[in-house]
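The values are calculated or read from the model by the stated rules, or taken from the named source; none is laboratory data. Note that the coordinates shown come from a computational prediction; the quantities given were computed from them, not determined experimentally. Cβ: placed from backbone, ideal geometry, glycine included. Neighbour counts: every protein chain shown. Protein only, heavy atoms only, side chains kept; ligands, DNA and RNA dropped before computing areas. Shrake-Rupley method; radii C 1.70, N 1.55, O 1.52, S 1.80 Å.
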Amino acid sequence: MKILVFTEKPFAPAAVKAIQNVIDAAGEDMRLVEREGHDTLIKEVKDADGLIVRSDIVDAEVIKAAENLKVIVRAGAGYDNIDLQAATNHGICVMNTPGQNSNAVAELVFGMIVMMCRNKYNGTSGSELKGKSLGIYAFGQVGRNVARIANGFGMDIKALDVFVPDEVMIEQGVTPVHDVKALFSENDYVSLHIPATPQTRNSIGYDLVVSMPKNGVLVNTARKEVIDEDGLLKALEERPDIRYVSDIKPDKYEEFEKRFADRVFFTPKKMGAQTAEANFNAGVAAAEQVIAYLRNGWNKFQVNK
Ligand code: 3PG
């Protein structure tokens with residue numbers, strides 16, 4: 001059977017080798033396509049039985065072109081890049097690899113926070129994280145790693161997640177919060193870890209951001225789609241003390257940079273999971289999951305049930 005590994009943003013070489021080893025050991029064929037876009041995916045997927053992607057768009061057009069496809073594994077957490085309904089309609093199982101890249105994303109949260117509270121290392125006097133408060137929005141795998149690291153910095157940590165019992169947060173030294181307004185208005189730093197869904201799209205905007213305490217910093221390593229960019233621009237205009245860092249450029253990148261250059265930072269591409277370790281863990285898990293599904297229908301992490 002043919003397994004297509006299609007990643008516009010390539011995995012680290014050691015991860016590619018490890019993925020190849022898993023697929024070779026199962027006696028299947030791997031085809032690696034890197035640094036290519038949607039049109040190439042449509043051509044390459046035609047005879048694939050299994051597909052491994054990262055944030056690559058797998059829409060109805062790709063799925064229609066995939067005549068033999070049985071399983072798609074998104075090597076990573078967020079699967080908003082995959083048309084689940086189209087996959088379900090074609091009898092294709094879609095899985096993600098939860099937890100495999102979460103430490104990498106959490107470490108980037110602090111990389112970006114420290115950079116901002118030291119004024120992008122521009123020689124001026126900055127501030128420390130010890131004793132500051134952090135609000136974590138969604139307490140999944142990434143949120144929990146963020147809390148673990150924040151403990152080391154000596155921060156006062158709170159989190160909001162309607163799907164997680166309070167006890168799980170309390171066990172980790174985190175104070176549960178049950179209201180998004182309180183999460184923003186009571187914390188010096190707010191770190192977003194919500195997925196992009198119809199409910200969360202454009203949900204973080206003017207009212208929440210403008211309510212943040214003096215010198216508040218909003219950190220977004222989730223998805224750009226959860227931000228109401230016009231609302232955020234308005235909040236930054238009104239509150240010259242507030243800063244915004246995001247792991248990926250916003251749609252209105254030029255406007256943010258032009259108007260608020262000193263108070264914003266954006267990675268050029270999504271970099272949260274772009275470490276050797278996360279590539280290895282997520283890539284190998286994806287390869288093992290594709291094989292397990294094709295062999296015996298293993299579908300523990302199926303997201304389109
Ligand atoms: C994820 O959802 O797992 C992260 O956003 C990583 O995405 P990437 O594989 O495109 O780096």
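The residue list Gly111, Gly131 contains one member that is surrounded by fewer than 17 Cβ atoms within 10 Å (Cβ to Cβ), out of contact with any helix residue (DSSP H, G or I) (no Cβ under 8 Å at 6 or more places or on another chain), not in a helix (DSSP H, G or I) and not aromatic (Phe, Trp, Tyr), which is Gly131.
Is it the case that some residue within region 49-71 is closer than 24 Å to Phe280 by Cβ, among the acidic types (Asp, Glu) and either away from the ligand (no atom under 16 Å from the Cβ) or without any contact (Cβ under 8 Å) to a residue 40 or more places away in the chain (or both)? Yes, region 49-71 contains at least one residue that is closer than 24 Å to Phe280 by Cβ, among the acidic types (Asp, Glu) and either away from the ligand (no atom under 16 Å from the Cβ) or without any contact (Cβ under 8 Å) to a residue 40 or more places away in the chain (or both).
The residues listed here are Val16, Val5; of these, the one that is of a type in the set (Val, Ile, Thr), within 16 Å of the ligand (Cβ to nearest atom), assigned to a helix (DSSP H, G or I) and out of contact with any Ser or Thr (no Cβ under 6 Å at 6 or more places or on another chain) is Val16. The listed residues are Ala196, Ala286, and the only one of them that is within 15 Å of the ligand (Cβ to nearest atom), assigned to a helix (DSSP H, G or I) and under 30 Å from Ala86 (Cα atoms) turns out to be Ala286.
Tell me, yes or no, whether region 225-245 has at least one residue that is in a loop (DSSP other than H, G, I, E, B), within 16 Å of the ligand (Cβ to nearest atom) and either free of Cβ contacts under 8 Å to residues at least 60 places away in the same chain or closer than 18 Å to Met112 by Cβ (or both). Looking through region 225-245, none of the residues is in a loop (DSSP other than H, G, I, E, B), within 16 Å of the ligand (Cβ to nearest atom) and either free of Cβ contacts under 8 Å to residues at least 60 places away in the same chain or closer than 18 Å to Met112 by Cβ (or both). Restricting attention to region 262-301, the residues that are surrounded by fewer than 17 Cβ atoms within 10 Å (Cβ to Cβ) and in contact with a Cys (Cβ under 9 Å, 6 or more places away or on another chain) add up to 2. Would a scan of region 93-106 turn up a residue that is more than 13 Å from the ligand (Cβ to nearest atom), within 30 Å of Lys46 (Cβ to Cβ) and either part of a strand (DSSP E or B) or of a type in the set (Gly, Ala, Ser) (or both)? Looking for residues that are more than 13 Å from the ligand (Cβ to nearest atom), within 30 Å of Lys46 (Cβ to Cβ) and either part of a strand (DSSP E or B) or of a type in the set (Gly, Ala, Ser) (or both), one finds at least one in region 93-106, hence yes.
To keep it simple, each residue is scored yes or no on (1) open to solvent by 50 Å² or more (accessible area, probe 1.4 Å); (2) over 22 Å from Met116 (Cβ atoms); (3) within 21 Å of the chain's Cα centre (by Cα).
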position: Met155; (1), (2), (3): no, no, no
position: Val164; (1), (2), (3): no, yes, yes
position: Ser191; (1), (2), (3): no, no, yes
position: Pro195; (1), (2), (3): yes, yes, yes
